[in-house]
Amino acid sequence: TVVFMISLAVLLQSFGVFSYVRSLTQSSTIFEDNYVDPKQANLKFPAKKRNLIYIYLESMENTNASKQNGGQAEKSTIPELENIALDKNNVSFSNKSSGLGGALPAQGTTWTVGAMVAQSSGVPLKANVMGDKQNSMDKLNKFLPGSYSIGDILKTQGYNQTFIMGSNAAFGGRDKMLTQHGSYQIQDYTYAKASGLIPDDYSVWWGYEDKKLFSFAKEELGRLSSVDTPFNLQLLTVDTHFTDGYMDETCDKPFAAQYANVHACSSKEVGEFIAWVQQQPFYDNTTIVISGDHLGMQTAYYEDMTTTPNYQRTIYNVFINSAVRPAHQFDRQFSTLDMYPSTLAAMGVQIPDDRLALGTNLFADKKTLVEQYGSIGALNRELSKRSNFYDRNILN
């Protein structure tokens, strides 16, 4: 009986049940103390509104970069992404004093749907919403109706908005999130089949591969840029999803490990897509944001790569053709919640007090919540607790 009870306790611990139960019994005033309602914010857009291209890169973290530039790879598995982030014309926020660094993993943001909510709305996807099941948001009719996302904001500003992904948007309730917060035209795996972009029986990995995603994105950019309305095109890659990723047959294989080759291929594809965008007539008035959605979940792969003691794994970010320059680019402690106001700032939008939801504009000289609380651990302890404000005002 004792062995059974110990085994049960270990099992419950491994599934995070204890932390989930604890989160239901403790409450926090983090929202009351820090939340800035984006619906009420007096945002000022530039006279000529800038287009936005936002690319969520599945599981993309800086560990994959070369050691000399802040990663852990002897030879970078993401050389194009590394060069883009290090380009002095671009802005990549870093938790280090120099070199590649990035966002720290905040509670409720560490899987794709949670990451998309955080980066677009500045709030986490809290455990009590889902009964501790990460991708169960599709069960809800209304997707965080009290949140107010960049899609909501740009919709009111007259933007045409499209979201392209090579998987089924219904997974994790992403379709509800995108239709209810910005009325995006969703071009997902299901859309691609229905539109004849791929054969009806086509299926690889989660739907279709990233090479097709970027090809479809170019076509959509041709359409969006042909009308005299600003656009917001968002993409979600999938080839680098664990386990080991999807190895496109057209990709080179310079590394021994498949996952390293998948990252190298993803980096090359993104690099080629960015170079193409920069040659287009609409680029001058377009801001591009590239962000990992969350840290990679193939933990053993990163543990094998990591040799620097106490190395902090961080989420990749870069702002290309930003309308503003940062007050402080390095030594920033931040989470992906801060991508929300920072993206708007990079588009030339003026944000009163440089805060939206729980996010801080990284371009401004203002502390993020991670910096305010002193560490990502301290912030996460608050985010994991129940929030009456969240339940009343975000969830409903």
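A few points about this structure:
- 1.4 Å probe accessible area per residue over region 47-105, in Å²: 34
- For region 258-265, the Karplus equation 6.51 cos²θ - 1.76 cosθ + 1.60, evaluated at θ = phi - 60°, returns couplings of 4, 4, 5, 5, 5, 5, 4, 5 Hz by residue, with Gly and Pro reported as x.
- Computed over the chain, relative contact order equals 31 percent, with contacts defined as Cα pairs under 8 Å that lie 6+ residues apart.
- Contact order relative to length of region 260-387, as percent, for alpha carbon pairs under 8 angstrom and 6 or more apart: 19
- Whichever aspartates and glutamates have a C-alpha closer than 14 Å to that of residue 126, once near sequence neighbours (fewer than 8 apart) are set aside: 382, 391
- Per residue, region 131-257 exposes 44 Å² of solvent-accessible protein surface, assessed with a 1.4 angstrom probe and all protein chains in place.
- The sum of -39500 (n - 2.57) across all DSSP H runs of n ≥ 4, divided by the residue count of the chain, sets its helix-only mean residue ellipticity at 222 nm to -9500 deg cm²/dmol.
- The H on the amide N of residue 54, modeled in the peptide plane, is under 5 Å from the matching H of 233, 234, 235, 289, each at least 5 residues off or on a different chain.
- Expressed as a whole percent, the accessible area of region 169-252 that falls on carbon and sulfur atoms is 49 (1.4 Å probe).
- Under 5 Å, built H, 5+ apart or other chain: amide partners of residue 297: 242
- Surface share of carbon and sulfur [accessible, 1.4 angstrom probe, percent] for region 297-379: 46
- Summed residue charge, Cβ within 12 Å of residue 66's Cβ, Lys/Arg positive, Asp/Glu negative: 0
- HN-Hα J in Hz across region 339-345 - Karplus 6.51, -1.76, 1.60, θ = phi - 60°, x for Gly and Pro: 5, 4, x, 5, 5, 5, 4
- Amide H contacts of residue 360 (H built 1.01 Å from N, under 5 Å, at least 5 apart or other chain): 338, 369
- The charge dipole of the chain, taken about its Cα centre with unit charges on the Cβ atoms of Lys, Arg (+1), Asp and Glu (-1) only, comes to about 1080 debye.
- Gaussian network model of the chain, springs between alpha carbon atoms under 10 Å - residue of 46, 79, 105 with greatest fluctuation: 46
- Under the combined filter of DSSP loop state and at most 11 neighbouring Cβ atoms within 10 Å, region 214-279 retains these GluC sites (Glu not before Pro): 249.
- Cα-based reach from residue 48 at 24 Å (exclusive), listing lysines while leaving out same-chain residues under 8 positions away: 39, 155, 218
- Shown in residue order for region 91-96 are the 3J(HN,Hα) couplings computed by the Karplus curve 6.51 cos²θ - 1.76 cosθ + 1.60 at θ = phi - 60°: 10, 10, 6, 10, 7, 9 Hz (x for Gly and Pro).
The values are calculated or read from the model by the stated rules, or taken from the named source; none is laboratory data. Everything numeric here is computed off the predicted structure, so don't read it as measured data. Neighbour counts are summed over all protein chains in view; Cβ atoms, including those assigned to glycine, are modelled from backbone coordinates with ideal geometry. Ligands, DNA and RNA are stripped out before the accessible areas are found, and what is left, the full protein with its side chains, is counted by its heavy atoms. Shrake-Rupley method; radii C 1.70, N 1.55, O 1.52, S 1.80 Å.
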